[in-house]
1. Roll a 1.4 angstrom probe over the protein heavy atoms and tell me the percent of accessible area of the chain that is carbon or sulfur.
2. Per the Kirkwood treatment, what hydrodynamic radius in Å, one decimal, follows for the chain from the mean inverse distance over all distinct Cα pairs?
3. So, for the chain, what is the accessible surface per residue at a probe of 1.4 Å, expressed in square angstrom?
4. Size of the dipole of the chain about the Cα centre, Lys and Arg at +1 and Asp and Glu at -1 on the beta carbon, nothing else charged, in debye to 20?
5. Identify the trypsin sites (Lys or Arg not before Pro) of region 1-43 meeting these criteria: DSSP loop state and at most 15 other C-beta atoms within 10 Å of the C-beta.
6. State, as an integer percentage, the relative contact order of the chain based on alpha-carbon contacts under 8 Å between residues 6 or more apart.
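The values are calculated or read from the model by the stated rules, or taken from the named source; none is laboratory data. Please read these numbers as outputs of a predicted model, since none were measured by experiment. No Cβ is skipped: glycine too gets one built from the backbone with ideal geometry, and neighbour counts run over all protein chains shown. For the accessible areas, the whole protein counts, side chains as well, though only heavy atoms, and no ligand, DNA or RNA atoms are used. Shrake-Rupley method; radii C 1.70, N 1.55, O 1.52, S 1.80 Å.
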Amino acid sequence: MEGDKLVGMFSERDYTRKVVLRGKRSREMKVAEIMSTDLKVVRPHEAVEACLRLMTDKRIRHLPVLDGEKVVGIISIGDLVKWVISCQSAAIAHLENYISGGYTG
């Protein structure tokens with residue numbers, strides 16, 4: 001962050017690719033030299049499926065969530081997978097209830 005502006009993200013992948021694989025030492029590097037700066041971001045109203053598609057297509061595991069230019073959160077692929085599983089579990093429970101005659105309309 002530079003003030004309130006998002007300028008990059010630092011991940012273990014950045015560390016591995018830009019420090020370890022290049023034979024550098026952590027003490028020699030600054031985060032600004034290592035962090036990813038070409039960031040993909042989403043807005044709070046973005047659909048879960050769209051976020052998953054973006055993450056899969058771009059091979060990224062974390063997305064900053066921006067409201068205007070303000071960072072309001074970060075979402076991980078794990079967060080999204082948990083949400084999808086939760087939704088599928090609820091749908092399965094609903095269908096099982098319907099099949100067993102417990103559906104009330």
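1. 53
2. For the chain, inverting the mean 1/r across all distinct Cα pairs yields 16.6 Å.
3. Per residue, the chain has an accessible area of 77 Å².
4. 660
5. Listed in order of number, the matching sites are 22, 24, 25, 30, 40.
6. Value for the chain: 22 percent.
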